[in-house]
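The values are calculated or read from the model by the stated rules, or taken from the named source; none is laboratory data. Everything numeric here is computed off the predicted structure, so don't read it as measured data. Cβ placement follows ideal geometry from the backbone for every residue including glycine, while neighbour counts extend to all protein chains displayed. Accessible surface is based on the protein model in full, side chains and every heavy atom, while ligands, DNA and RNA are left aside. Shrake-Rupley method; radii C 1.70, N 1.55, O 1.52, S 1.80 Å.
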Amino acid sequence: MKSIEDIRADFPALHQQVYGKPLAYLDNAATTQKPQTVIDAICHYYSHDNANVHRGVHALSERATAAYEGARRKLAALIHAASAREIVLVRGATEGINLVAQSWGHANVGAGDEVLISAMEHHSNIVPWQWLCERTGATLKVIPMNNRGELQMDAFAELLGERTKLVGIVHQSNALGTINPVAEIIAQAHAAGAKVLLDGAQALAHMPVDVQALDADFYVTSAHKMYGPTGIGLLYAKEALLEAMPPYQGGGDMIRSVSFERSEYNDLPYKFEAGTPNIAGAIGFGAAADYLQSLDVRAIAAHEQALLDYATSQAAAHDYIRLIGTAAHKASVLSFIVDGVHPHDLGTILDREGVAIRAGHHCAMPVMQFFQVPATARASFAAYNTREEIDALFSAIAQAHQLFK
Amino acid sequence: MDLRSLYQQVIVNHSKSPRNFGTLEPCSHDADGHNPLCGDRLHVYLQVNDDDRIEDVRFEGDGCAISVASASIMTETLKGKTLAEFRALFDDFQHMVTSDVTAPVDEESMGKLSVLAGVREFPSRVKCAILCWHTVKSALEHEGVARTE
Ligand SMILES: Cc1ncc(COP(=O)(O)O)c(C=O)c1O
């Protein structure tokens, strides 16, 4: 892997001081910083190739279309999809899940059916299924977790039944860092006849993902958590599923022909991409995929694991720090509580020391309820973080603890 | 700027041992306050007499130091005040915590409340400081729930 110094040099936003202190950016689970190559790809598109896609006969439109479709192919390669036709470009993980719930869900889930999610889902993988169940008369069931933040697989096996139509699971938890045993979950769900959606919002920046090897039916992610821009993400779905699904939104680009009597839908994946897409975002997403590949995600994972181990041992050395989420298999996230210091105050105090973390419920309120805390502080790591930044984190935590002693 | 101006000893002290903490029964008004972003949650109780004077005010709940200290100091300030005085203080407090950092703080009229002036240098924390005030306002207006987001 590239040296850490070289990786850091790729990210212009890292090189700044906040309140006179060097920035330690440890809020990567919320969004990562962007490398210069991603910024340049977006800038290049707007500076040279800006045009609408899929409809122009002129040079710029052809270049824009080539760049947009090139990005789709890069993303298909990144997650090992069988074909770029299986990659639907959406606004992010949230829109991907909503698309599946509305399109596939309404066509395949009915009264008496069950949708199974887990106790550690992000709100975006809860609310769309609640709506689907309310509208169809299906039931939402929840796979429990233990107090380390690991799914209870025996309970999963019991909950899974012939009524289960879909299992929706977060690949890597944003609130706890837990990496779920998704291959096993998919195998069991398929044996029961259920489809599986994986929420990979947190996963792609931290581990290799092969949707075919996993046999995932649906996989969603957001570019901005893997060094890409905001407002763009992808939904992967097996081609046969996409073929059978009704369109999600109606408009331009998603149809082949329209008369006032009927419309004929376009081919995959355009059937699900109504309207002018986020072209610059998609191109930036493709550049982020290139960047990830250039670093080698396995090397990143090893580096982040070393950081997490170091941070975990630092936390263990202080009796006033309690970790939330101690799964055997976890990555890049340290969620914690400091005795006597509310996470929100901690966030403010750390910020003034240049340490950027997240304090709150991380859009996973059921996880907070489970651990009986109103909120946690969360430090989350990326390829460019260093041990020195973790030292800065713990020294700022010590100051906060001292202040409230 | 120094964190000490936000986390002054008085604020830390109020947050660790809040005054007027607990329920009030009977009470004439009460309401829930909730800041969903950081999980601050409080409930205020007021006993207002026939002369529109706040005879007693208490709160309970849990939240960050700023929201708990602010509620604690607010209850100390509001005891004995008329509803008209509450409304004037509400405006003054809101103004103090959202004004420009260079604006002078009228410590004489704000009294104890002026320790919270440091909040204006931390825009993301202003809502923590004013949650309790909005909660009292909605209790008096019988809305039942206040939210700051
Ligand atoms: C696990 C998980 N799922 C889904 C999302 C939603 O992603 P987005 O807001 O980019 O759609 C997030 C983002 O915080 C996440 O961490």
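Select from segment A:108-136 the residues that are touching an Asp or Glu at 6+ places or on another chain (Cβ under 8 Å) and either farther than 15 Å from A:G96 by Cβ or open to solvent by less than 40 Å² (accessible area, probe 1.4 Å) (or both) and list them in ascending order.
Of segment A:108-136, the ones touching an Asp or Glu at 6+ places or on another chain (Cβ under 8 Å) are A:121-122, A:124-125, A:136.
Answer for segment A:108-136, where residues must be touching an Asp or Glu at 6+ places or on another chain (Cβ under 8 Å) and either farther than 15 Å from A:G96 by Cβ or open to solvent by less than 40 Å² (accessible area, probe 1.4 Å) (or both): A:E121, A:S124, A:N125, A:T136.
Only a single item in (1) open to solvent by 30 Å² or more (accessible area, probe 1.4 Å); (2) under 30 Å from A:Y19 (Cα atoms); (3) hydrophobic (A, V, I, L, M, F, W, C) is not met by B:I11, and it is number (1). Does B:G80 satisfy the criteria of being in contact with a Leu (Cβ under 6 Å, 6 or more places away or on another chain) and open to solvent by 10 Å² or more (accessible area, probe 1.4 Å)? Answer is no for this residue. Within segment A:351-363, the residues that satisfy the criterion of being closer than 15 Å to A:L334 by Cα and either more than 9 Å from chain B (Cβ to nearest Cβ) or open to solvent by less than 20 Å² (accessible area, probe 1.4 Å) (or both) are A:V355, A:A356, A:I357, A:R358, A:G360, A:H362.
Of the residues making up segment A:282-322, those that are within 14 Å of A:L334 (Cα to Cα) and within 20 Å of the chain's Cα centre (by Cα) number 3. Only one entry in A:F381, A:F336, A:F404 is under 18 Å from A:D319 (Cβ atoms) and either within 25 Å of the chain's Cα centre (by Cα) or more than 14 Å from chain B (Cβ to nearest Cβ) (or both), namely A:F336.
Any chance segment B:63-70 includes a residue that's under 15 Å from the mean Cα position of the chain (by Cα), free of Cβ contacts under 8 Å to residues at least 24 places away in the same chain and within 14 Å of another protein chain (Cβ to nearest Cβ)?
Residues of segment B:63-70 under 15 Å from the mean Cα position of the chain (by Cα): B:63-70.
Right, trim to free of Cβ contacts under 8 Å to residues at least 24 places away in the same chain and you get none.
No: zero hits.
Here is a yes/no grid of residues against (1) open to solvent by less than 30 Å² (accessible area, probe 1.4 Å); (2) in a helix (DSSP H, G or I); (3) farther than 30 Å from A:E121 by Cβ:
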residue	(1), (2), (3)
A:E5	no, yes, yes
A:R8	no, yes, yes
A:T31	no, no, no
A:I39	no, yes, yes
A:R63	no, yes, yes
A:Y68	yes, yes, yes
A:L75	yes, yes, no
A:A82	no, no, no
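Looking only at residues in segment B:75-116 that are touching a strand residue (DSSP E or B) at 6+ places or on another chain (Cβ under 8 Å) and in a helix (DSSP H, G or I), the one that is farthest from B:N35 (Cα to Cα) is B:L83. The set of residues in segment A:116-135 being hydrophobic (A, V, I, L, M, F, W, C) and touching a residue at least 12 places away in the same chain (Cβ under 8 Å) consists of A:L116, A:I117, A:A119, A:M120, A:I126, A:W129, A:W131, A:L132, A:C133. On inspection, A:E86 does not qualify as under 30 Å from A:W129 (Cα atoms), within 16 Å of the ligand (Cβ to nearest atom), among the acidic types (D, E) and out of contact with any Cys (no Cβ under 7 Å at 6 or more places or on another chain). Would you point out the residue of segment A:225-254, among those that are open to solvent by 40 Å² or more (accessible area, probe 1.4 Å) and either assigned to a strand (DSSP E or B) or of a type outside the set (G, A, S) (or both), that is farthest from the ligand (Cβ to nearest atom)? Filtering first and then ranking leaves A:E243. When B:E121 is tested against (1) within 14 Å of another protein chain (Cβ to nearest Cβ); (2) in contact with a His (Cβ under 9 Å, 6 or more places away or on another chain); (3) open to solvent by 40 Å² or more (accessible area, probe 1.4 Å); (4) not β-branched (V, I, T), exactly one condition is not met: (2).
Please indicate, with yes or no, whether at least one residue in segment B:18-28 is over 24 Å from B:M96 (Cα atoms) and within 13 Å of another protein chain (Cβ to nearest Cβ). Working first, answer last.
At the first step, the residues of segment B:18-28 found to be over 24 Å from B:M96 (Cα atoms) are B:21-28.
Restricting the remaining residues to those that are within 13 Å of another protein chain (Cβ to nearest Cβ) gives none.
Scanning segment B:18-28 turns up no residue that is over 24 Å from B:M96 (Cα atoms) and within 13 Å of another protein chain (Cβ to nearest Cβ).
Going residue by residue through segment B:39-51, is there one that turns out to be of a type in the set (A, V, I, L, M), under 23 Å from A:V341 (Cβ atoms) and assigned to a strand (DSSP E or B)? Yes, there is a match, as at least one residue in segment B:39-51 is of a type in the set (A, V, I, L, M), under 23 Å from A:V341 (Cβ atoms) and assigned to a strand (DSSP E or B).
Among the residues of segment A:1-30, the ones that are under 26 Å from the mean Cα position of the chain (by Cα) and touching a residue at least 40 places away in the same chain (Cβ under 8 Å) come to 16 in all. Selection of helices (runs of 4 or more DSSP H) fully inside segment A:105-224 by the criterion of at least 3 residues being within 29 Å of A:R72 (Cα to Cα) and within 16 Å of the ligand (Cβ to nearest atom) returns A:127-136.
Which of the following residues is more than 10 Å from every other protein chain (Cβ to nearest Cβ), under 15 Å from B:W133 (Cβ atoms) and charged (D, E, K, R): B:D50, B:D32?
Numbers: B:D50 fails: under 15 Å from B:W133 (Cβ atoms).
None of the others qualify; the one that does is B:D32.
Can you tell me how many residues within segment A:320-350 are on the phi > 0 side of the Ramachandran plot, open to solvent by less than 10 Å² (accessible area, probe 1.4 Å) and either more than 16 Å from the ligand (Cβ to nearest atom) or in the same structural domain as A:H122 (by TED's automatic domain parsing) (or both)?
Step one: filter segment A:320-350 for residues on the phi > 0 side of the Ramachandran plot, giving A:325, A:332, A:340.
This time we only want the ones that are open to solvent by less than 10 Å² (accessible area, probe 1.4 Å), so: A:325, A:332.
Those left that are additionally either more than 16 Å from the ligand (Cβ to nearest atom) or in the same structural domain as A:H122 (by TED's automatic domain parsing) (or both): none.
Selection size over segment A:320-350: 0.
Filtering segment A:247-279 to residues that are touching a Lys or Arg at 6+ places or on another chain (Cβ under 9 Å) and more than 27 Å from A:A67 (Cβ to Cβ) leaves A:S263, A:E264.
If you check A:A183 against the conditions, is it open to solvent by 20 Å² or more (accessible area, probe 1.4 Å) and touching a helix residue (DSSP H, G or I) at 6+ places or on another chain (Cβ under 7 Å)? Spelling it out, A:A183 is indeed open to solvent by 20 Å² or more (accessible area, probe 1.4 Å) and touching a helix residue (DSSP H, G or I) at 6+ places or on another chain (Cβ under 7 Å).
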